[in-house]
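Novice: Once you've had a glance at the structure underneath, I'll fire off some questions.
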Amino acid sequence: MSSRRRRSGVANKRRQQARRNQMMIYGTVGLVIIGLIAVVVYMVLDRDPDLGQKFDDQGNVHLSAEPSEYLWNSRPPTSGPHAPNITNWGVHTESVPEWLQVHNLEDAGVIIHYNCPEGCPDIVEELEGIARDIDEDMDRIVLHPYENMESTIAVTAWTRMITMDEVDSGQITEFIEAYRGIDHHK
């Protein structure tokens, strides 16, 4: 009987050791999965792909009236003091005032500006097509004429801008997809 007990005791110890080993494997796999999930979440939340020129963040103070002089560190503006409300998303045939532009950027928007004093219907049509390919309703996208810049086209997001003289649909699409939807309220 004692040899039987010994064999039974040894078998119990082996089963307990096997369970401990199994639990360590499950625990390790679980930690690896949690780690991978954390990395993916971090990558999704840290969506600054470093596209375009970066400008210093000038804050997001709401103004009670449109400023009488230009206050921003870029043309067109990419952050800073702004109107308490936004302009409508979508296509505008007249230039949107800078202080409204900035609030749209703060509210997770991207703005496509075009500078064509002589008119450029083909460029406008192409820019609108790019924006509508991204989102038919142009949610969080503004397209408008803006003559207060040197380039023909500028695309802005909060603290970011790309400029070009000819439409580069790939670059514009990448920029919009990278920055549209990122809220900048502090």
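Only the coordinates and a few stated rules stand behind these numbers; no lab work does. Quick caveat, the model's predicted, so the values are computed rather than measured. Quick reminder, even Gly has a Cβ in these numbers, built from the backbone with ideal geometry, and neighbours come from all protein chains shown.
Novice: In nm, to one decimal, how far is the modelled label at M164 from the one at E94, with both set 7 Å along Cα→Cβ?
Specialist: 3.0 nm
Novice: Now for a separate question. Under the rule of at least 5 residues apart or a separate chain, name every residue whose amide H is placed under 5 Å from the amide H of L143.
Specialist: HN-HN under 5 Å from L143: G90, V91, H92, I112.
Novice: Mean residue ellipticity at 222 nm from the helices of the chain, using -39,500 (n - 2.57) per DSSP H segment of n ≥ 4 over the full residue count, to the nearest 500 deg cm²/dmol?
Specialist: That calculation yields -14500 deg cm²/dmol at 222 nm.
Novice: When the expected Rg is taken as 2.2 N^0.38 Å, what fraction or multiple of it is the alpha-carbon Rg of the chain?
Specialist: 1.73
Novice: Once label points are set 7 Å from the Cα along Cα→Cβ at both N148 and E125, what is their separation, rounded to one decimal in nm?
Specialist: Using points 7 Å along Cα→Cβ, the separation is 3.0 nm.
Novice: Once the Cβ-Cβ distance between A38 and N85 is put in as r, and R0 is 35 Å, what FRET efficiency do you end up with, to the nearest 0.05?
Specialist: 0.35
Novice: Mind listing the phi-derived Karplus ³J(HN,Hα) values for the range 93-109, rounded to whole Hz, using 6.51, -1.76 and 1.60 with θ = phi - 60°, and x for any glycine or proline?
Specialist: Computed from phi, the couplings for the range 93-109 are 8, 10, 5, 7, x, 3, 5, 6, 3, 4, 5, 4, 5, 4, 7, 6, x Hz.
Novice: Something else now. Could you line up S64, S169, S74 from fewest to most neighbouring Cβ atoms inside 10 Å?
Specialist: The fewest-first ordering by Cβ neighbours comes to S64, S169, S74.
Novice: Please sort 65-73, 141-149, 106-114 by packing, taking for each peptide the average over its residues of neighbouring beta carbons within 10 angstrom, highest first.
Specialist: Ranked from most to least packed, the peptides come out as 106-114, 141-149, 65-73.
Novice: Need one number: % antiparallel among DSSP beta bridges in the chain, to the nearest 5.
Specialist: 60 percent
Novice: Next up: Once you keep just the Cα pairs under 8 angstrom separated by 6 or more residues, what percentage relative contact order results for the chain?
Specialist: It comes to 23 percent, rounded to a whole number.
Novice: Quote to one decimal, in nm, the extra length available between E118 and L63 on full extension: 0.36 nm per residue of separation minus the C-alpha distance between them.
Specialist: 16.5 nm
Novice: Gain in length, K54 to M24, computed as 0.36 nm per residue apart minus the alpha-carbon separation, to one decimal in nm?
Specialist: In short, 6.1 nm is gained.
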